[in-house]
2 protein chains.
Amino acid sequence: MADYRLYCMGESGNAYKAALMLELCRLSWEPVWVDFFHGETRTAEYRSTFNEMGEVPVLEHDGKKLSQSGVILDYLTEVTGQFGAKDADERREVWRWILFDNHKFTASLATLRYLIQFAKTGETPVTEFLRARIINALKIVDHHLQDKPFIVGGRPTIADLSMVGYLHYGDELTVPLGDFANVSRWMDAVKALPGWAHPYDLMPSAPGKSSR
Amino acid sequence: MADYRLYCMGESGNAYKAALMLELCRLSWEPVWVDFFHGETRTAEYRSTFNEMGEVPVLEHDGKKLSQSGVILDYLTEVTGQFGAKDADERREVWRWILFDNHKFTASLATLRYLIQFAKTGETPVTEFLRARIINALKIVDHHLQDKPFIVGGRPTIADLSMVGYLHYGDELTVPLGDFANVSRWMDAVKALPGWAHPYDLMPSAPGKSSR
């Protein structure tokens, strides 16, 4: 049995943040597929056993069950010593971008992609609103990256792994990522890390839902 | 001159999270009003001097400029020893709720309140969408609080101060908070903490914008 079990599905960029970290750190881990599209995360059993917030990912390790990708990433830096901050100031900077990701970046990206790709709402006032917010957030990230290879400290950290979570879903995002040259370069730099793999290659996904 | 300067405005629940912490810890602090409604946070100068993310709050202390309310709250627990976690497991639990707040709770609450109260959009598909998301998040918080006085560890922590950030704006929220008995009881418990004050009493606000 693997040391780490990740409750996840390939369609979740939040789960991918954790899966990518586990993979890049060469840890012994296995994905446990959660049937999100048939409501598994919304059942009382899932909520009482795994995560009262009704979300993936959940990481099982050493008798602990951890949820929220930011907490999982931070935990894995503590355990492995990899992709973490080198001092207290840098640690605050890493958390600052993880919070920005959760608040302004992933929050809108994940929701827009869900509506278009899975709920099949088509273009609506809500998708238009979310896309405008994503573009504002992308401008901030692109400006930040104009003179930096990675988000914090000149090297890859969990801030990158958090923020990149949804960006490799390509056309499913319906966002003009190509307009942001620094973001594109940075995505390529993350993709070039030894062990990198696409979310659909790291975690099981539901048949017929994704673009692959 | 005060030890801490908080760049803020009374209308911001995210700034309030930091202001409330400063006040509850009896720190020497002063608010510095940011003219959000005339675009101050979106200027190149604000972004290069204070916060490239174009947001309040920003906390100045000891030569540091910190942004993202979660980082500021965590920093203040380190400096004061107050409202923090007592061990590593509890610390992860505190961060888990701060992330939930940023991702699912404040993200929608702040946006809905902005659209209705300040942008004056009236009811639209976007406000309806956001309100439904808030109600889902409130159900999770209400269920969590059914057997707990506070979010983590049986006592007030920065998880409470983060999550309560927008809830005391009352009618400006256009959310049926009264339907959530455990949330209401918990809000009262936070309000009863010695030193508690309403956001509009802790920070300057723009004339004619708020409901007070």
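The numbers here are math on the coordinates, done by the rules we state, and not lab data. Here the structure is a predicted model, which means the values were calculated and not measured. Note: ideal-geometry Cβ built from the backbone for every residue, glycine included; neighbour counts use all protein chains shown.
Considering the conditions (1) touching a Leu at 6+ places or on another chain (Cβ under 6 Å); (2) within 13 Å of another protein chain (Cβ to nearest Cβ), A:Ala19 is excluded by exactly one of them, (2). Going by what's in this entry, would B:Tyr7 be described as buried (at least 18 other Cβ atoms within 10 Å of the Cβ) and assigned to a strand (DSSP E or B)? Here the answer is yes, as B:Tyr7 does meet what is asked. Every condition in (1) more than 22 Å from B:Phe100 (Cα to Cα); (2) touching a residue at least 12 places away in the same chain (Cβ under 8 Å); (3) surrounded by fewer than 21 Cβ atoms within 10 Å (Cβ to Cβ) is met by A:Arg42 except one, and the failing one is (1). Only one entry of B:Leu73, B:Leu27, B:Leu59 meets the criterion of being over 14 Å from B:Ala159 (Cβ atoms), buried (at least 23 other Cβ atoms within 10 Å of the Cβ) and touching a Phe, Trp or Tyr at 6+ places or on another chain (Cβ under 9 Å), and that entry is B:Leu59.
The rows are residues; the columns are (1) more than 9 Å from every other protein chain (Cβ to nearest Cβ); (2) among the hydroxyl-bearing types (Ser, Thr, Tyr); (3) touching an Asp or Glu at 6+ places or on another chain (Cβ under 7 Å); (4) over 28 Å from A:His144 (Cβ atoms).
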{"position": "A:Phe50", "(1), (2), (3), (4)": "yes, no, no, yes"}
{"position": "A:Asp62", "(1), (2), (3), (4)": "yes, no, no, yes"}
{"position": "A:Glu78", "(1), (2), (3), (4)": "no, no, no, no"}
{"position": "A:Gly81", "(1), (2), (3), (4)": "yes, no, no, no"}
{"position": "A:Thr106", "(1), (2), (3), (4)": "no, yes, no, no"}
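Selection of region B:165-198 for residues being surrounded by 14 or more Cβ atoms within 10 Å (Cβ to Cβ) and in contact with a Ser or Thr (Cβ under 8 Å, 6 or more places away or on another chain) yields B:Gly165, B:Tyr166, B:Tyr169, B:Glu172, B:Thr174, B:Leu177.
Here A:Ala18 passes the criteria (1) of a type in the set (Gly, Ala, Ser); (2) out of contact with any Pro (no Cβ under 6 Å at 6 or more places or on another chain); (3) without any contact (Cβ under 8 Å) to a residue 60 or more places away in the chain except the one numbered (2). Just give me the residues in region A:85-106 being buried (at least 18 other Cβ atoms within 10 Å of the Cβ) and either among the basic types (Lys, Arg) or not in a helix (DSSP H, G or I) (or both), in sequence order. Answer for region A:85-106, where residues must be buried (at least 18 other Cβ atoms within 10 Å of the Cβ) and either among the basic types (Lys, Arg) or not in a helix (DSSP H, G or I) (or both): A:Ala85, A:Arg91, A:Arg92, A:Arg96, A:Lys104.
Table: residues versus (1) of a type outside the set (D, E, K, R); (2) closer than 30 Å to A:Arg26 by Cα.
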position	(1), (2)
A:Asp74	no, yes
A:Glu93	no, yes
A:Thr121	yes, no
A:Arg133	no, no
A:Gln146	yes, no
A:Pro149	yes, yes
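Here's a check for you: in region A:133-157, which residue that is at negative phi and exposed (fewer than 12 other Cβ atoms within 10 Å of the Cβ) is farthest from the other protein chains (Cβ to nearest Cβ)?
Taking the candidates together, the pick is A:Arg155.
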